[in-house]
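Working notes, structure below.
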Amino acid sequence: MKERLWAFMVMAVLLVACAHIGNTQPAMTCSVAIPEGWKQIPTDEPILFITKDGGYKQFTLVQERPLSKPFQFTQRTIDKGMVPQQAAEVVVREIVSDQNIRNFSLLENVPAKIAGYDGFQITFIFTDEDGFFFKTIYYGFINGDLFYSIRYGATKDEYFDKDLKTFEDILKSFKLMAAK
């Protein structure tokens, strides 16, 4: 009986360990405070995805990407020497090129400060391929060889205004950490 219990415990530990292989969050050089009641969704990318009620209700996405990494739909990159508005144009072209984005409308494209860094803020609305109507605020800036973005997206009618203040608090908490 003890041998069976021991074998079962070893198998359970191995199964749990295997379930987490490939599901570890890569280290990021930035952080935000996760609000009470919100949860982080694990990814295999250097992305921090947090939500309160699910990604189709509202989310905040923090991402860092090497400048040399091309964007998925346009294959364009952001260059170290770009001014923030040039980087914003690359991002807007990428979003418009996404076949899942429909009825895109850019509401705002302005300079912004993010954690003291010169960057941009774009605000836009769109529908997805399923007809969900979203509003997004997207901040981005270049630091060294990385492009950082932090965005808030939510269903426009129901959640956007309700959770905007929470996103503003998340944005204020954004910081770069010392390189490891």
Requested in this report: Determine if segment 29-50 includes at least one residue that is modelled with pLDDT of 85 or more, at positive phi and not aromatic (Phe, Trp, Tyr).
Outcome: yes
**Report entry** Tabulated pairs, segment 102-114, first more than 23 Å from VAL32 (Cα to Cα), second of a type in the set (Asp, Glu) and open to solvent by less than 70 Å² (accessible area, probe 1.4 Å), C-beta under 7 angstrom, 6+ apart or interchain
**Finding:** ARG102/ASP128
Report task. Considering each residue of segment 86-102, count those that are out of contact with any Ser or Thr (no Cβ under 7 Å at 6 or more places or on another chain) and either assigned to a loop (DSSP other than H, G, I, E, B) or open to solvent by less than 60 Å² (accessible area, probe 1.4 Å) (or both), and give that number. Result -> 10
Report summary line: Restricting attention to segment 132-146, the residues that are out of contact with any Asp or Glu (no Cβ under 7 Å at 6 or more places or on another chain), surrounded by 20 or more Cβ atoms within 10 Å (Cβ to Cβ) and in contact (Cβ under 8 Å) with a residue 40 or more places away in the chain number exactly 3
Query - Residue among ILE137, ILE95 that alone is at negative phi and touching a helix residue (DSSP H, G or I) at 6+ places or on another chain (Cβ under 9 Å) - result: ILE137
Report task. Could you tell me whether segment 99-108 includes any residue that is out of contact with any strand residue (DSSP E or B) (no Cβ under 9 Å at 6 or more places or on another chain) and of a type in the set (Asp, Glu)? Result -> no
Requested in this report: Return the pairs, sorted by first residue and then second, in which the second residue is open to solvent by 20 Å² or more (accessible area, probe 1.4 Å), the first residue lies in segment 80-99 and is of a type in the set (S, T, N, Q), the beta carbons are less than 6 Å apart, and the residues are 6+ apart or on different chains.
Outcome: SER97/PHE73; SER97/THR74
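Table: residues versus (1) among the charged types (D, E, K, R); (2) under 20 Å from THR60 (Cα atoms).
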site: VAL90; (1), (2): no, no
site: ALA115; (1), (2): no, yes
site: ASP118; (1), (2): yes, no
site: ILE125; (1), (2): no, yes
site: LYS135; (1), (2): yes, yes
site: ASP145; (1), (2): yes, no
site: LYS162; (1), (2): yes, yes
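Yes/no per residue for (1) touching a Ser or Thr at 6+ places or on another chain (Cβ under 9 Å); (2) part of a strand (DSSP E or B); (3) open to solvent by less than 40 Å² (accessible area, probe 1.4 Å):
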{"residue": "ALA33", "(1), (2), (3)": "yes, no, no"}
{"residue": "VAL62", "(1), (2), (3)": "yes, yes, yes"}
{"residue": "LYS69", "(1), (2), (3)": "yes, no, no"}
{"residue": "GLN75", "(1), (2), (3)": "no, no, no"}
Query raised in the report: Taking GLU129 and the conditions (1) open to solvent by less than 30 Å² (accessible area, probe 1.4 Å); (2) part of a loop (DSSP other than H, G, I, E, B), which numbered condition does it fall short on, given that it satisfies the others?
Result: (1)
Requested in this report: Among the numbered conditions (1) at negative phi; (2) at pLDDT 90 or above; (3) out of contact with any strand residue (DSSP E or B) (no Cβ under 8 Å at 6 or more places or on another chain), tell me where GLN75 comes up short.
Outcome: (1)
Query raised in the report: Scanning for something in contact with a Lys or Arg (Cβ under 8 Å, 6 or more places away or on another chain), buried (at least 16 other Cβ atoms within 10 Å of the Cβ) and of a type in the set (A, V, I, L, M), does segment 151-169 turn up at least one residue?
Result: yes
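The values are calculated or read from the model by the stated rules, or taken from the named source; none is laboratory data. These figures come from a predicted structure and were not determined experimentally. When we count neighbours, we look across all protein chains shown, and the Cβ atoms used for this are built from the backbone with ideal geometry, even at glycine. These accessible areas exclude ligands, DNA and RNA; they are computed on the full protein's heavy atoms, side chains included. Shrake-Rupley method; radii C 1.70, N 1.55, O 1.52, S 1.80 Å.
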